[in-house]
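Colleague: Here you go, one structure.
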Amino acid sequence: MVIGWGTVGVVYFSLGWREAEALLLPELWLDKQLPFTPAAIWVYLAFFLLIPYTYITVPAERLLRLRYAMQLCALISGVVFLILPTELNYPDVTGHGISAELLRFLMAIDSPKNCLPSLHAALSLVCVIALWQKQQLLRSVSIVVCGLAIGISIIQLRRHLTIDVSAGLVVGCIAFYVAGPIARVRQSAKGSCNESL
């Protein structure tokens, strides 16, 4: 988890504060249907529980693929951040209460740029796919619902817009797909080394 998720943190924060002219992203129809809601911060923060939960409970044969998928999410997103820096108009948080205060704190420490693709969405999707098991259908469906709720909360908080979340889902799909063969090659190479020993 430290290597996989840690790579994401390094890429995101190292590129998030560089000075560069950024493209302002527009609100689309779906964004306007999901009003700005500071209370969504609690669902948004479930992401930070989903990641460790995934690493702890994912089937062992998918663990390496999960790590590579997260690293690929960071790599792909980092390239996009360098080529096309983006930003959006963040709404003012005028309310009071713990949700509003927590959102203000998040906004203070988060990067104001590099909105597209949404790594929050990409990594959530990677976790949902990694945890999906037909044998545990109820748990799998619950994880999907959790992932969808996190995706909606991202837009409700205006941390990202529909276009960012959509791009993040594409990145997550590509990363998980590409990570499969890489993980299989690494596992077979490791198995060959163990046999030779």
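Where a number appears in this text, it was derived from the coordinates with a stated rule and is not lab data. Since this is a predicted model, take the numbers as computed values, not measurements. Cβ: placed from backbone, ideal geometry, glycine included. Neighbour counts: every protein chain shown.
Colleague: Residue by residue, what Karplus-based ³J(HN,Hα) values in Hz, rounded to whole numbers, does the stretch 178-184 have, using 6.51, -1.76 and 1.60 with θ = phi - 60° and x for Gly and Pro?
Modeller: 5, 5, x, x, 4, 5, 5
Colleague: Sort VAL170, VAL10 so the one with the fewest other Cβ atoms within 10 Å of its own Cβ comes first.
Modeller: On the way: VAL170 15, VAL10 11.
By the 10 Å Cβ count, ascending, the order reads VAL10, VAL170.
Colleague: Starting with the highest mean, order 94-104, 141-151 by the number of other Cβ atoms within 10 Å, averaged over the residues of each peptide.
Modeller: Values: 94-104: 13.6, 141-151: 17.3.
Top to bottom by mean Cβ count within 10 Å: 141-151, 94-104.
Colleague: At a Förster radius of 35 Å, what calculated FRET efficiency corresponds to the Cβ-Cβ distance of ALA100 and GLN187, to the nearest 0.05?
Modeller: So, using R0 = 35 Å, E works out to roughly 0.15.
Colleague: Explain nothing, just compute: Karplus ³J(HN,Hα) = 6.51 cos²θ - 1.76 cosθ + 1.60, θ = phi - 60°, for every residue of the stretch 101-115 in order, whole Hz, x for Gly and Pro.
Modeller: Couplings: 5, 5, 5, 4, 5, 4, 5, 6, 9, 7, 6, x, 10, 6, 7 Hz.
Colleague: Another one. Just report the Cα centroid separation between the stretch 11-71 and the stretch 139-188, whole Å.
Modeller: 8
Colleague: Turning to a different aspect of this structure: Which ³J(HN,Hα) values, rounded to whole Hz and listed in residue order, are derived for the stretch 23-30 from phi using the Karplus coefficients 6.51, -1.76 and 1.60 in 6.51 cos²θ - 1.76 cosθ + 1.60 with θ = phi - 60°, glycine and proline given as x?
Modeller: Each residue's phi maps through the Karplus curve to give 7, 7, 7, x, 7, 9, 4, 5 Hz.
Colleague: Highest mean first, what order results for 123-130, 59-66 on Cβ atoms within 10 Å?
Modeller: Answer by packing, highest mean first, reads 123-130, 59-66.
Colleague: Now, a different point. I need the calculated FRET efficiency for the pair ILE83 and PHE48, taking r as the beta carbon distance and R₀ as 35 Å, to the nearest 0.05. Don't jump to the answer; show the numbers that get you there.
Modeller: Numbers: r = 28 Å, r/R0 = 0.80.
Efficiency computed from Cβ-Cβ geometry: 0.80.
Colleague: Let me ask another. Under the definition of Cα pairs under 8 Å and six or more residues apart, what whole-number percent is the relative contact order of the stretch 29-167? Don't skip to the end; give the middle numbers.
Modeller: Details: 141 pairs, mean separation 58.7, N = 139.
In percent, rounded to a whole number, it is 42.
Colleague: Search the structure for amide H atoms under 5 Å from the amide H of LEU23, placed 1.01 Å from N in the peptide plane, and list their residues when 5 or more places away or on another chain.
Modeller: The list, which skips near neighbours in sequence, is THR86, GLU87.
Colleague: Expected output is a single nm value to one decimal: the length gained when fully extending between ILE56 and TYR90, i.e. 0.36 nm times separation in residues minus the C-alpha distance. What is it? Spell out each step's value before the answer.
Modeller: Numbers: separation 34, 0.36 × 34 = 12.24 nm, distance 3.45 nm.
Extra length available between ILE56 and TYR90 comes to 8.8 nm.
Colleague: Just going by the charge dipole of the stretch 35-172, with Lys and Arg at +1 and Asp and Glu at -1 on Cβ, which of GLY147, VAL58, ASN114 is farthest out on the positive end?
Modeller: Most positive-ward Cα: VAL58.
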